[in-house]
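Shown next, in structure tokens, is the structure this report addresses.
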Amino acid sequence: MNAARVALALLIAAAWTAVPRAAAQSAEDFYKNHPALVLGVPADAGGTYDTYARLLARYLPKYLPGRPRAVVENIPAAGGLALANQAYNTAPKDGSFLAMVRGSTIQDHVDGDPAAMFDGRKFAWIGNMNMEYDSCIVTQNSPVQSIPDLYRRELVVGASGAGAQSYTFPLIYNAVLHTKFKVVTGYKSTPERLLAMQRGELMGNCGIDTSAIEATFYKQYREGKIKVLLQGAVRKDPRFVTVANILDEARSERDRAALEYMFATLVLGRPFATAAETPADRVALLRRAFERSMKDLGFAAEAQKAQLDIDAMTGVECGLAIERLYSTPRDVIERVRGILADRR
């Protein structure tokens, strides 16, 4: 027993004596001596989130002292909540663990979801790789071919399940604007929903980033097999200027505020954060490396080849976007929460 207590005391003493040395270590020395960075991704390998993270992993080390290796770790559980909770509570607080924290995950905390055990305002934000614009697409033989049609005819769209944008966005449109979407769940991925559209099971699909149309469905889009029915975002995607923004369908400021709250998370398309406890000089170094990566010619060439949309924000800009999300009036938040809760 005494030996065990002595061993425990020695461990505690070692931990305490290590703290000053770690705190005194410069950011440059830390990254020169650290073998690897971990980039956490809230999705399975092979998806769009993963592809973005792996691209960053190839360039971020180039702009850090010692060029530490960057390793991508896929943590898809709970739609990104597991990763956000890990980054905030249990991951290293030294700048060696970066997490891609989805805007929708931050919104879970704003909503008051007890499973969101973090505060988005207290992350150290490193940067955001792109902003997103949501869209709904339809087949060429869909009975709905325009936004006015949505008020007169039912449009059957697919979704993975409650909580996904493919599910929540059409439900919000129905409740706020009185459109006639019928959402069928059980289609796990966007490619699966596209196949269902080709088979005639579905007439459309919402919750699709416009960048995915460019990257994944451009052939079908170019051939006229699918049509971009509408887009939904705080501002329109400049690549789809002729496609109407459903935000403009809001008939009152109250309705517009509800839609803007849903779209606010799209601003944070692929943002990375680290723990708030990370030393400030390491945060500054990571932000600088991120910004330089976004401007790297090789990075830009790879992104273009992979048809990845890059519309970067700095860490400071991410923080401001988070603050705006948290400043949403409570009555707007409760209205949106009530709509979704009633339909789950």
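The values are calculated or read from the model by the stated rules, or taken from the named source; none is laboratory data. Keep in mind the model is a prediction, meaning the values are calculated, not measured. Methodologically, a virtual Cβ is constructed for each residue, glycine included, from the backbone with ideal geometry; neighbour enumeration extends over all protein chains shown.
Assorted remarks:
- Hey, Asp237 in contact (Cβ under 8 Å) with a residue 12 or more places away in the chain and either surrounded by fewer than 16 Cβ atoms within 10 Å (Cβ to Cβ) or touching a His at 6+ places or on another chain (Cβ under 9 Å) (or both) or not: no
- Test: Tyr151 is surrounded by fewer than 23 Cβ atoms within 10 Å (Cβ to Cβ), in contact (Cβ under 8 Å) with a residue 12 or more places away in the chain and either hydroxyl-bearing (Ser, Thr, Tyr) or touching a His at 6+ places or on another chain (Cβ under 7 Å) (or both): yes
- Filter pass, Leu286 being at pLDDT below 95, in contact with a Leu (Cβ under 9 Å, 6 or more places away or on another chain) and either assigned by TED's automatic domain parsing to the domain that holds Gly46 or assigned to a loop (DSSP other than H, G, I, E, B) (or both): no
- Top-ranked residue of the stretch 26-82 - restricted to ones that are out of contact with any Ser or Thr (no Cβ under 7 Å at 6 or more places or on another chain) and aromatic (Phe, Trp, Tyr), ranked as farthest from Asp311 (Cα to Cα): Phe30
- Listed by first and then second residue, the pairs with beta-carbon distance under 7 Å, at least 6 apart or on different chains, first residue in the stretch 320-344 and modelled with pLDDT of 90 or more, second of a type in the set (S, T, N, Q), are Leu325/Gln107.
- Cβ-Cβ under 6 Å pairs, at least 6 apart or on other chains, the stretch 188-199 side in contact (Cβ under 8 Å) with a residue 24 or more places away in the chain and assigned by TED's automatic domain parsing to the domain that holds Tyr221, far side loosely packed, with under 14 Cβ neighbours inside 10 Å and charged (D, E, K, R): none
- Filter pass, Leu259 being touching a strand residue (DSSP E or B) at 6+ places or on another chain (Cβ under 9 Å), within 24 Å of Gln107 (Cβ to Cβ) and in contact (Cβ under 8 Å) with a residue 12 or more places away in the chain: yes
- Pick from the stretch 138-169, criterion in a helix (DSSP H, G or I) and over 19 Å from the mean Cα position of the chain (by Cα), ranking: nearest to Leu266 (Cα to Cα): Ile147
- Consider the stretch 50-88 and keep the residues that are assigned to a loop (DSSP other than H, G, I, E, B) and out of contact with any Phe, Trp or Tyr (no Cβ under 8 Å at 6 or more places or on another chain). The one that is farthest from Met117 (Cα to Cα) is Arg67.
- Scan of the stretch 89-136 for residues that are among the polar types (S, T, N, Q) and either within 16 Å of the chain's Cα centre (by Cα) or part of a loop (DSSP other than H, G, I, E, B) (or both), ordered by number: Thr90, Ser96, Ser104, Thr105, Gln107, Asn128, Asn130, Ser135
- Unique residue being in the same structural domain as Ala303 (by TED's automatic domain parsing) and in contact with a Lys or Arg (Cβ under 8 Å, 6 or more places away or on another chain) when the list is Ala258, Ala276: Ala276
- Of all residues in the stretch 186-195, one or more are within 23 Å of the chain's Cα centre (by Cα) and polar (S, T, N, Q).
- Among the residues making up the stretch 204-233, those that are among the small types (Gly, Ala, Ser), in a strand (DSSP E or B) and touching a helix residue (DSSP H, G or I) at 6+ places or on another chain (Cβ under 6 Å) are Gly207, Gly232.
- Residues that are more than 12 Å from the chain's Cα centre (by Cα) and aliphatic (A, V, I, L, M), drawn from the stretch 42-65: Ala45, Leu55, Leu56, Ala57, Leu60, Leu64
- Checking Asp113 against (1) within 23 Å of Thr328 (Cβ to Cβ); (2) among the charged types (D, E, K, R); (3) touching a residue at least 40 places away in the same chain (Cβ under 8 Å), the condition it does not meet: (3)
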